[in-house]
Amino acid sequence: MPSVRLPYEFSAPVRTDRLVLRAMTSQDVDDIHAYQSRPDVCRYLMFEPRTREEVAEKVAKYSAALVLNGDGDFWQLAVERASDRGRVIGDIYFAIKDAANASAEIGWTLHPDYAGSGYMTEAASAMLSIAFNDLELHRVRAELDARNRGSAALCKRLGMRRRLSSERTCGSRASGATRRSTRSSIANGPPRGPPDTRG
């Protein structure tokens, strides 16, 4: 049976060549609201555009969620550029889905102004390194809106393989929107060599 290294605390920022992944703070609310309030961003997410108050509530919750103990525990981390500290350009989600089977889920959101520079490939690669090398997980999956070609391409760059499609209800309860989602996953660790950060 797989043995996952839990509990595991996000105790310090993770630095890559160009980015810093860190816990969210109340000072990040305006930056996060700048993209989580946009319809063109939220059309691919499981929530509708958020008000500043809603973002503030979420950030308060996320800033305290830093220890992975078991199934359902998650991180929602701020992503900022090392050259522009203090300005959040996106966030990355990582959750333990099934500790007994050593599986987790990853997700990401990026402000459109920063798309096309490989930032999320770099951030997600750093999270996969923690998942496989530190936590010793076996599989990490990403569940996407089937229309989200950008994230699908990112999954491919990360070495993930598409597994299945399903129908899910997303958005607000009032809208009851149903979208087709796809699931991609990677097992045993990312491919060897540096990540492809072209997108």
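Quick notes on this one:
- Residue 38 being within 24 Å of residue 182 (Cα to Cα), at pLDDT 95 or above and basic (Lys, Arg): yes
- Residue match in the stretch 64-87 (condition: among the β-branched types (Val, Ile, Thr), out of contact with any strand residue (DSSP E or B) (no Cβ under 7 Å at 6 or more places or on another chain), modelled with pLDDT of 95 or more and surrounded by 13 or more Cβ atoms within 10 Å (Cβ to Cβ)): no
- Across the stretch 87-95, a minimum of one residue is classified as of a type in the set (A, V, I, L, M), closer than 18 Å to residue 13 by Cα and touching a His at 6+ places or on another chain (Cβ under 9 Å).
- Selected residue (only one of 124, 131, 104 is outside any strand (DSSP E or B), within 21 Å of residue 12 (Cβ to Cβ) and touching a helix residue (DSSP H, G or I) at 6+ places or on another chain (Cβ under 8 Å)): 124
- Flag for residue 60 being over 17 Å from the mean Cα position of the chain (by Cα), in a helix (DSSP H, G or I), among the small types (Gly, Ala, Ser) and buried (at least 17 other Cβ atoms within 10 Å of the Cβ): no
- Listed by first and then second residue, the pairs linking a residue in the stretch 130-154 that is in contact (Cβ under 8 Å) with a residue 40 or more places away in the chain and closer than 11 Å to residue 105 by Cα to a residue that is buried (at least 17 other Cβ atoms within 10 Å of the Cβ) and among the acidic types (Asp, Glu), with Cβ atoms under 8 Å apart and 6 or more places separating them unless they lie on different chains, are 140/105; 141/105; 142/105; 143/105.
- Residue in the stretch 96-105 that is closer than 18 Å to residue 45 by Cα, touching a His at 6+ places or on another chain (Cβ under 7 Å) and crowded, with 21+ Cβ neighbours inside 10 Å present: no
- Residue count for the stretch 43-73, restricted to those that are over 25 Å from residue 99 (Cβ atoms), touching a residue at least 60 places away in the same chain (Cβ under 8 Å) and of a type outside the set (Phe, Trp, Tyr): 3
- Once the stretch 108-129 is narrowed to residues that are crowded, with 18+ Cβ neighbours inside 10 Å and among the hydrophobic types (A, V, I, L, M, F, W, C), the residue that is nearest to residue 33 (Cα to Cα) is 110.
- Of everything listed in (1) surrounded by 18 or more Cβ atoms within 10 Å (Cβ to Cβ); (2) in a loop (DSSP other than H, G, I, E, B), the single unmet condition for residue 55 is (2).
- Close pairs from the stretch 22-42: first crowded, with 17+ Cβ neighbours inside 10 Å and assigned to a helix (DSSP H, G or I), partner at pLDDT below 95 and of a type in the set (Phe, Trp, Tyr), Cβ under 9 Å, at least 6 apart: 36/47
- Residue within the stretch 69-85 that is among the charged types (D, E, K, R), closer than 21 Å to residue 125 by Cα and assigned to a strand (DSSP E or B) present: yes
The values are calculated or read from the model by the stated rules, or taken from the named source; none is laboratory data. It should be emphasised that the depicted structure is a prediction, and the values quoted were computed from it without experimental measurement. Positions of Cβ are generated from backbone atoms using ideal geometry, with glycine treated the same way; all protein chains shown enter the neighbour counts.
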